[in-house]
Amino acid sequence: MSSIDPYQYIIVEHQYSHRFRVTVQKAESVTKGALGDLLDTPDPYVELFIRSAPESRKRTRHIDNDVNPVWNETFEFILDPNQENVLEITLMDANYVMDETLGTVSFPISSVKLGQPEQIPFRIGNVTKVYLKMSLEICASTDLRFSMALCDQEKLFRQKRRERVMLGIKKLLDMEKGQFLPSSVPVIAIVGSGGGFRAMVGFSGVMKALYESGVLDCATYVAGLSGSTWYMSTLYSHPGFPNKGPQDINQELMKSVSSNPLKLLMPQNIKRYIKALWTKKAGGQPVTFTDIFGMLIGETLIPGRMDSTLSQMQEKVNEGQCPMPLFTCLHVKPDVSELMFADWVEFSPYEIGMAKYGTFMPPGLFGSKFFMGSVVKKYEENPLHFLMGVWGSAFSILFNRVLGVKETTGGSTMEEELEQIKPKHIVGEDNQDNDEEPRQGEEVEDENQRNAQASWVQRMFTSLVGESTLFNTREGRAGKVHNFMLGLNLNSTLPMSPFPCMNDSLAEEEVDAVTDPDEFDRIYEPLDVKSKKIHVVDSGLTYNLPYPLVLRPQRGVDLIISFDFSARPSDSSPPFKELLLAEKWARMNKLPFPKIDPKVFDREGLKECYVFKPKKGDRNCPTVIHFVLANINFRNFKAPGVPRENDKEREFADFDIFDDPETPYSTFNFQYSNQAFTQLHDLMEFNTLNNIEVIKDAIKESIMYRKENPSRCSVSLSLNEIENKKFLKRENGAKV
């Protein structure tokens, strides 16, 4: 890279494992005993078992009717050198009914010297010998990347994207050539909140406005959470994007959401889902309702692209063609509220990982079995629709309601909202644009049909994921994957902002509670490295904006343009709850963040967007432009500065978001009429375009600040200062 990245010199400590290779060569004089040999010639195979290894049991093929079999099969085990590792070698005889054990011997692996292969014959019984060749070596390289730095692919993307952003800003601001240098190019991030299909549809209007206005050409990142990630997935997996803009893609989306995805729970579809999930489960991967929900979301939004993967999005950004998409979910503990403990997991086309621990992997390895940083069993890359289910997993509670299972747990703000779901928010009527009311008999018949279908579906799903009691737990709603940090020695968690010089002013600042006195109370705790699987859930269960992705100091974001589609009690309610939680999280992690003054609502009332700037002297602090979901000027203007001309136009724009008794924009409405889609889409497109000058002014200020502070959002340290800088155990959220 052209500039020094100080983060690459910070050592993320991890313990190296041992790779133990065993070649089962041959056996001599295999016997079942004198009587057994008279009745049958052995069909021998060898089974290897190391209790302390994650993939603990391996076996050779069996060879028919051979007392001197030759296998020459090699197996690998990843071992923790600090544990007592014992190899059990069992000679077996394959039979049609039940295999027979011919003998077992044990061998302490610690007796094998590093780097010195050994061939050892093992005697089993009185006459049989099994010959093994064994070697032990240190795993010098791992499949996990241990680092606080961005990966090289993202750094290269940033380099290429900066050139395009520079041209985009010059065009947007009508600047002459040579007015500013590449070092003055600000890093701009677009951020979308959660909020189900409401967030997805709203974000579609936003992205159309940003694309057509040229603002998207000035952005380096687009980050999403829950519902916004569904739109990002639809957009970035579309073969026409970015050459084709969001306009046509949004029309496809409108058609996709005009019917309810739960209508896909028909027998012919369910059989296909069950078959795919049985295959996944049989291969050794966990399966939960999130898998099924992901299939429904995928079939609804990307029906022709169900084989798409996250890593395929690399081709959209490799040359810096468009902003890099960033997605998120949470790692949670089943018995702790997400408000108190949650690790943010970030997903990009290049990597998936947790900045808190400095551990990252290529997208293709997410879900594979790891031990001490190395893959011990690799699976195919999860399809994009599985990740879409994980990113929006809070909505897998819809299955509980469809299947008639009552929810019994609480623990987070979104879970409280989940309890308010009405049946009509889950299964709506088909969108036929038909004003005729169904007759009473038809309603009863439809209800009976739904009940019968739910009963059948419940039986099918229960056979796959286990007893229905699972439905009643947060664990049942969470996505579940193999723990990629299994066996690591977590004697440290890493501060998001490791350089004290970046955050001196934040060190002693008190942070008030926003919604709950216990919120974020346990965010400094590490995850359980002994747990074989981890639970991953919708990030909206802690707070509904993906700010942790764009607040990482390594990304050096100058301007955050966020769009909040979160539910509010009414259209006139203050719109800052999620932003205040983001601010609190940032301050607890010693990350620069502008002061959010909720009293601005009392002073200025409800607006389409609010601007929060750093205080004078704040170092490396981004400016935040916060758009909220509000229908204000759109009622009277069909485009910025263009009044509505007739009653039809005014009637189209005269609608509420949260005060409408019909609740067309409920978080749990998964079916949008063409009119509801167009209204919400056009509203957010208008609100964005109506404030383009606000965005332009903020970009100009970011350029000026970069010129005056060349080191903004980057850390200038001498190599002596950062050489071998290590993180010690974090106690009580202590500093490094």
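Any read-out appearing in this document is the output of simple, stated calculations on the displayed coordinates, not a laboratory observation. Computed from a predicted model, the values in this text were never measured in an experiment. Note that each Cβ is placed from the backbone with ideal geometry, even for glycine, and that neighbours are counted across all protein chains shown.
Just want the ordering: ASP174, ASP564, from fewest to most Cβ atoms lying within 10 Å of their own Cβ. So the residues, fewest neighbours to most, are ASP174, ASP564. Peptides 365-372, 16-23, 32-39, 675-682 ranked from most to least packed by the mean count of surrounding Cβ atoms within 10 Å: 365-372, 675-682, 16-23, 32-39. Per-peptide packing, taken as the mean over residues of other Cβ atoms within 10 Å, places 572-583, 147-158, 67-78 in the sequence 572-583, 147-158, 67-78 from highest down. Distance between Cα centroids, segment 525-564 to segment 631-699: provide it in whole Å. What the calculation gives is 29 Å, centre to centre.
Here the Karplus relation 6.51 cos²θ - 1.76 cosθ + 1.60, evaluated at θ = phi - 60°, turns the backbone of segment 534-550 into coupling constants of 10, 9, 10, 9, 4, 5, x, 6, 10, 7, 9, 10, x, 4, x, 5, 9 Hz, with x for every Gly and Pro. Summing charges over all other residues whose Cβ lies under 10 Å from the Cβ of PHE386, with Lys and Arg as +1 and Asp and Glu as -1, gives -1.
Using a cutoff of 8 angstrom between alpha carbon atoms and counting only pairs six or more residues apart, the relative contact order for segment 17-139 works out to 34 percent. In order along segment 574-586, the Karplus-derived 3J(HN,Hα) couplings, from 6.51 cos²θ - 1.76 cosθ + 1.60 at θ = phi - 60°, round to x, x, 10, 4, 5, 5, 5, 5, 4, 5, 4, 4, 4 Hz, and Gly and Pro are given as x. From least to most packed, judged by other beta carbons within 10 angstrom and beginning with the fewest, MET200, MET485, MET354, MET306 follow the order MET306, MET354, MET485, MET200. Each part gets one Cα centre, and for segment 96-161 versus segment 339-356 those centres are 29 Å apart. Close amide-amide hydrogen proximity is noted between LEU310 and LEU384, each under 5 Å apart and 5 or more residues distant or on a separate chain (H modeled in the peptide plane; Pro and chain starts excluded).
Shape class for segment 234-288: oblate, because the ratio a/c of the largest to smallest gyration tensor axis (alpha-carbon atoms, square roots of eigenvalues) is 1.5 or more and b/c is at least a/b.
Derived scalar couplings between HN and Hα for segment 294-300 equal x, 5, 5, 5, x, 4, 7 Hz in order, rounded to whole Hz, by the Karplus curve 6.51 cos²θ - 1.76 cosθ + 1.60 (θ = phi - 60°), x for Gly and Pro.
Amide H to amide H distances under 5 Å link ASN620 with CYS713, where only residues 5 or more positions off or on other chains count and H is placed in the peptide plane. The fewest-to-most ranking of MET324, MET92 by surrounding Cβ atoms within 10 Å reads MET92, MET324.
A cut-off of 5 Å between modelled amide H atoms, ignoring neighbours fewer than 5 places along the same chain, links TYR379 with SER368, LYS369.
Net charge of the neighbourhood of LYS281, taken over other residues with C-beta under 12 Å away and scored Lys/Arg +1, Asp/Glu -1, is +2.
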